[in-house]
Amino acid sequence: MQQRLVDRHPEVPADQLVAQMVPPPTFDEVSFASYIPDPKEPSQAAAVKKAEEFANSVTKLRKAADKKSLFGKKKPVSGIGLYLDGGFGVGKTHLLASIFHSVPSPKTFGTFGEVTNLVGALGFNNAVERLSGNSILCIDEFELDDPGDTMLVSRLLTELTQRGVSIVATSNTLPGQLGEGRFAAQDFLREIKKLGSLFEPIRVDGPDYRHRDLPPAPEPTADDVLVEKAAATPGSTLDDFDQLLEHLSTLHPSRFGALIHDVSAVYIRGVHPVPNQAVALRVVVLADRLYDAGIPVTVSGAKLDEIFTQEMLDGGYRKKYLRAISRLLALSRFEAPATAS
């Protein structure tokens, strides 16, 4: 019988949220050495060097703090910060994961949304206590479109850095800002006044590698072909788009990763532009989790780059929607697992 995502109702206990916050599988084996800078973009090679230096500094800082603790009262040591700023698909997450792999445990890696979900699930004080022993907190895709969440995380990072936790964050610059070469950033500095001086901003320029030498969004698959492919792909799921959107509205975004656990490929029938911002933002989270897990996506109906309306793309959540489109297009080009014989 064909599996459906809408039949899944995952539960993720709050005490497991920290433990599962590690780089996604697609970044399990990355390193500074495996990042191949574009020779046409000198900022990439410079960013690799700076990221590696930062990781070494974090390691030395942690060793120094641990050494002091052996000889009496531990002296307070402030964490350090790095901010990787650039466009879509230039390898910032690769560098972020490389930093994570290079520093001592305990350490935590998550998207901005996952960090806010963690604070919401555990409570602010509990989250601080659980993370305060870290050498580092890595935050991917720092968001600026929700001032409330931004200030919440600002407060969290202030508390953590005072306890010796180093912070490294990435964020996307909107296309119209790519030439500015500034910490994406006046917004970030304004929203995070206390942390602005902590972060050293590093630019990572270049074209979206996910689309280099690749064609535009593929044509949607016919419904009957989609059903056949899903039936022939072990471990895949097949859902109607509207039913899937309705199901996502019943789940907290922190469960989306568990929703697609052990799924080999996702097939979605009847894709069309989503009706409103609330629905669109849930699609963004699902796209992020699918991309993290490297799960191929095949659809019928509209093209994947038509899933968000132009009005949405012109609005305040533009950055999120463009990232989701970029990732969904990359997933649409992944090879599905070997079909059943």
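The values are calculated or read from the model by the stated rules, or taken from the named source; none is laboratory data. Here the structure is a predicted model, which means the values were calculated and not measured. No Cβ is skipped: glycine too gets one built from the backbone with ideal geometry, and neighbour counts run over all protein chains shown. All accessible areas refer to the heavy atoms of the entire protein, side chains included, with ligands and DNA or RNA removed. Shrake-Rupley method; radii C 1.70, N 1.55, O 1.52, S 1.80 Å.
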Rounded to the nearest 0.05, what FRET efficiency do M1 and Q310 give with R0 = 41 Å and r taken as the Cβ-Cβ distance? Could you check?
-> 0.55
Percentage relative contact order, the stretch 212-332, counting C-alpha pairs under 8 Å, at least six apart | 31 percent
State, to one decimal in nm, how far the label point of K67 lies from the label point of S105, with both points 7 Å from Cα in the Cβ direction.
-> 2.4 nm
Taking R0 as 56 Å, what's the FRET efficiency between F32 and D224 from their Cβ-Cβ distance, rounded to 0.05?
-> 0.75
Rolling a 1.4 angstrom probe over the protein heavy atoms, how many square angstrom per residue are accessible across the stretch 212-332?
-> 40 Å²
Could you order V77, V90 by accessible surface area, starting with the largest, using a probe radius of 1.4 Å?
-> V77, V90
For R4, tell me the accessible area in Å² from a 1.4 Å probe, rounded to the nearest 10.
-> 90 Å²
Using the structure shown, select from K63/K92; K229/K303; K92/K229; K40/K320; K229/K319; K49/K320 the pairs with a Cα to Cα distance greater than 22 angstrom.
-> K63/K92; K92/K229; K40/K320; K229/K319; K49/K320
What's the local net charge at G110, with K and R +1, D and E -1, over the other residues with C-beta under 14 Å away?
-> -4
